[in-house]
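Okay, so here's the structure we're looking at.
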């Protein structure tokens, strides 16, 4: 339970730092150009609603995290945390978080409140939801693209 709490706080810190930004008015101008990136997230064939999809740059990929939230059909569209729609071309670790209340109701994370303060817990296993252990990845080309993720297994 302690590890779960740590993960929730880590994700929230990443989201809050990214949403508040730093670097002043010119920070957006210094970010790399983006290309359109979207997709659909399903869990065992069913759309995963209100999941947060984060593309974390890896290796030589420039830029900051790019985040999207799934809608009722499981569709997400990425936006740089402090910048434009889409994501810069490059290699990414993909992290998908799905926070739920004790009754199973999903919670849409918008950065205004910590998931733990809302009585939420991560419902996905670390192979999808951990910033260090996620096995998901994506290679965004110069044209951008559609990146569907079919998750398997049990939610908590």
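Side notes on the structure shown:
- For residue 110, the conditions (1) part of a loop (DSSP other than H, G, I, E, B); (2) at pLDDT 95 or above; (3) surrounded by fewer than 16 Cβ atoms within 10 Å (Cβ to Cβ) are fulfilled apart from (2).
- Considered as a group, the residues in segment 123-143 that are over 13 Å from the mean Cα position of the chain (by Cα) and surrounded by 18 or more Cβ atoms within 10 Å (Cβ to Cβ) include one that is modelled with the lowest pLDDT, and that residue is 123.
Residue-by-condition table, conditions (1) modelled with pLDDT of 95 or more; (2) in contact with a strand residue (DSSP E or B) (Cβ under 7 Å, 6 or more places away or on another chain); (3) surrounded by fewer than 13 Cβ atoms within 10 Å (Cβ to Cβ):
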{"position": "58", "(1), (2), (3)": "yes, yes, no"}
{"position": "66", "(1), (2), (3)": "yes, yes, no"}
{"position": "73", "(1), (2), (3)": "yes, yes, yes"}
{"position": "82", "(1), (2), (3)": "no, no, no"}
{"position": "103", "(1), (2), (3)": "no, no, yes"}
{"position": "106", "(1), (2), (3)": "no, yes, no"}
{"position": "150", "(1), (2), (3)": "yes, yes, yes"}
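- The lone criterion from (1) modelled with pLDDT under 95; (2) over 18 Å from residue 146 (Cα atoms) left unmet by residue 33 is number (2).
- Subset of segment 113-122 [at pLDDT below 75 and either closer than 17 Å to residue 95 by Cβ or not in a helix (DSSP H, G or I) (or both)]: 113, 114, 115, 119
The values are calculated or read from the model by the stated rules, or taken from the named source; none is laboratory data. In this text, all values refer to a predicted model and were calculated from it rather than measured experimentally. Neighbour counts run over all protein chains shown; Cβ positions are idealised from the backbone, glycine included.
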